[in-house]
Amino acid sequence: MTVPKFGDEQQKPAVVTDDSNSVDKPNLKGDWLNFFLLMLLYTMQGIPLGIASAMPIILQSNKNVTYKDQALFSLVAWPFSLKLIWAPLVDALYVQKMGRRKSWLIPVQYLMGACFIYMASNIDEWLPETQKPDILKLVSVFFFAKILAATQDIVVDGWALTMLKKNNVGYASTCNATGQVMGIMLSSVFSVLLTSEDFSNKYLRIKPDVGGVFTMKSLFYVWGILFILITSLIAIFKKEKDNRLEDDHVKLNIVQNYSLLWDILKLPNIQLLAISLLTAKIGFAATDSVSILRLIDAGVPKDNIMVIHTTMFAVKIILPLIIAKYTSGPKPMNVYLSAIPVRLLWNISFVAFIYYTPVMITMINGFVNIPIYYYALLVFILSIHDILANIMTVAILAFFSRISDSRFGGTYMTLLNTLSNLGHAWSSSVAIGMIDFLTFKECSLDRKNNCSTLNLKNVCETNGGDCNVVVNGYYVETAVCTVIGIVWFFIFRIILKNIQTKDSSHWLVNIKKPTCKENKTSVN
């Protein structure tokens, strides 16, 4: 086989003999070790994500923490939205003898282990029990940890495309979805519940004692040591395929890798896919982003909602394994599209449940009384929602794995994931921001007072009135989003079914360079 040179236009193969759209059925025989290794790597990725997601709960229990502090800490979520900036570096720079992916994976995971140990030695100072936490230092160290996790995500996404056999590459999404959730669940539950004195005394101890069964300091030490040990074993025992032996191997320098992003975006099918990804979440934006907030406003304790969300992890872990045989096939978008109408219809259940919540819960002696059947309904509604959302997530990740050009896997997968994340981020932000704009109120004592500002609300309440909701923005927004979602489905259903039938040649990037000079920036 002839490897294309720089300066030559890549010719589309006349016959595709072994690619991601092969008719060969998925079969993990001979690939099980790789499957479990990917699951482990994605689980390790989920650990810093889970700790970061648990920190706002831990911070909120400190009386000295303000919402301004919480807003500042929310900045630690940014690296996963910014990782496209350095993804081309991960694809371009590596030590050939060490391996294209191991060159980044090993040092990044060692750094993560060192970061956890550094957190362990300082966490008592940064997060004292009674004094105000040092938010700036917490933000700095968690932001760095998230950068490492995002980099590991780029590496593992790219490695998955070549670690698994071509006909099994769809299983990468199963490893991603299940492994990451397992890591998030373990680290967040351990960080919140095992460090809680009340929870430990109630469920984990025979005799009550002071503090949780673990401290944050000891947990960080455990995570740090585990990262170092596991990474050492991978470095010693896992051999990476020589990327120079991969089909149509092309080595690009840093500048070429950044221009590669534009080359990928110029592909007609990618442009159609990008438009669909950036708009796909509009139909569910209101229910996904605002429903839980509305339940809390209605009087449901946020602690109980958090416990229910924790039980949902079991669904998120098991479901990808169940549907893997459907999403690992040649047409994962069929699964994705099948879930959309059901999920749009499920918006109605959220609206009805939230509408009748004030009727189902009562106040007794100043305390909120919520019957068991209410929680049973809430668990049922959230379970169906999470099942549908996870089906769509696993299916779209399987599609990304199937179409990505494995020569530039890290950059290609990161671009697709970034588009998907942006579609969720902007629609959620708009949905939350539009609630007040779409909600209309009036004072019970003065209809001319619309309670639209804090001063008007105070005037109404000072005079003994109440600001009553005339038009609930949540219901309006859910209806609008659902209609938009239905329109989206009818527009993109045929488009997405069409593009998933394209063979791999339609997703390959044509490399056009003015010279044939070999890349000098990669370390050999």
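The values are calculated or read from the model by the stated rules, or taken from the named source; none is laboratory data. Treat the numbers as computed from the prediction; the structure is a model and nothing was measured. Cβ atoms come from the backbone with ideal geometry, glycine included; neighbour counts cover every protein chain shown. Note: accessible area is taken over every heavy atom of the protein model, side chains too, but ligands, DNA and RNA are not part of it. Shrake-Rupley method; radii C 1.70, N 1.55, O 1.52, S 1.80 Å.
The table for this structure:
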read-out	value
Checking residue 63 against (1) open to solvent by 70 Å² or more (accessible area, probe 1.4 Å); (2) modelled with pLDDT under 70; (3) assigned to a helix (DSSP H, G or I), the condition it does not meet	(3)
Failed condition for residue 428, given (1) open to solvent by less than 20 Å² (accessible area, probe 1.4 Å); (2) under 30 Å from residue 277 (Cα atoms); (3) at pLDDT 80 or above	(3)
The lone exception for residue 516 - which of (1) modelled with pLDDT under 80; (2) closer than 30 Å to residue 88 by Cβ; (3) of a type in the set (A, V, I, L, M, F, W, C); (4) open to solvent by less than 80 Å² (accessible area, probe 1.4 Å) it fails	(4)
Filter pass, residue 86 being crowded, with 23+ Cβ neighbours inside 10 Å and either touching a helix residue (DSSP H, G or I) at 6+ places or on another chain (Cβ under 8 Å) or within 26 Å of residue 30 (Cβ to Cβ) (or both)	no
Those residues of region 311-370 which are closer than 22 Å to residue 497 by Cβ, aliphatic (A, V, I, L, M) and in contact with a helix residue (DSSP H, G or I) (Cβ under 7 Å, 6 or more places away or on another chain), in sequence order	323, 324, 333, 335, 337, 339, 340, 342, 344
Residue match in region 325-332 (condition: among the polar types (S, T, N, Q), modelled with pLDDT of 75 or more and at negative phi)	no
Residue tally, condition open to solvent by 40 Å² or more (accessible area, probe 1.4 Å) and in a helix (DSSP H, G or I), over region 70-83	7
Tally, over region 490-503, of residues that are open to solvent by 20 Å² or more (accessible area, probe 1.4 Å) and either outside any helix (DSSP H, G or I) or within 21 Å of residue 330 (Cα to Cα) (or both)	9
Which listed residue, of 171, 110, 118, is among the hydroxyl-bearing types (Ser, Thr, Tyr), over 24 Å from the mean Cα position of the chain (by Cα) and not assigned by the TED database to the domain that holds residue 407	118
Test set (1) surrounded by 13 or more Cβ atoms within 10 Å (Cβ to Cβ); (2) touching a helix residue (DSSP H, G or I) at 6+ places or on another chain (Cβ under 9 Å); (3) part of a helix (DSSP H, G or I) - residue 441 fails condition number	(3)
Those residues of region 259-276 which are open to solvent by 10 Å² or more (accessible area, probe 1.4 Å) and assigned to a helix (DSSP H, G or I), in sequence order	259, 261, 262, 263, 265, 268, 269, 271, 272, 274, 275
The lone exception for residue 508 - which of (1) touching an Asp or Glu at 6+ places or on another chain (Cβ under 7 Å); (2) in contact (Cβ under 8 Å) with a residue 60 or more places away in the chain; (3) surrounded by fewer than 19 Cβ atoms within 10 Å (Cβ to Cβ) it fails	(3)
Top-ranked residue of region 355-392 - restricted to ones that are loosely packed, with under 14 Cβ neighbours inside 10 Å and among the hydroxyl-bearing types (Ser, Thr, Tyr), ranked as nearest to residue 318 (Cα to Cα)	373
Residues within region 189-212 that are of a type in the set (A, V, I, L, M, F, W, C) and open to solvent by less than 80 Å² (accessible area, probe 1.4 Å), tallied	6
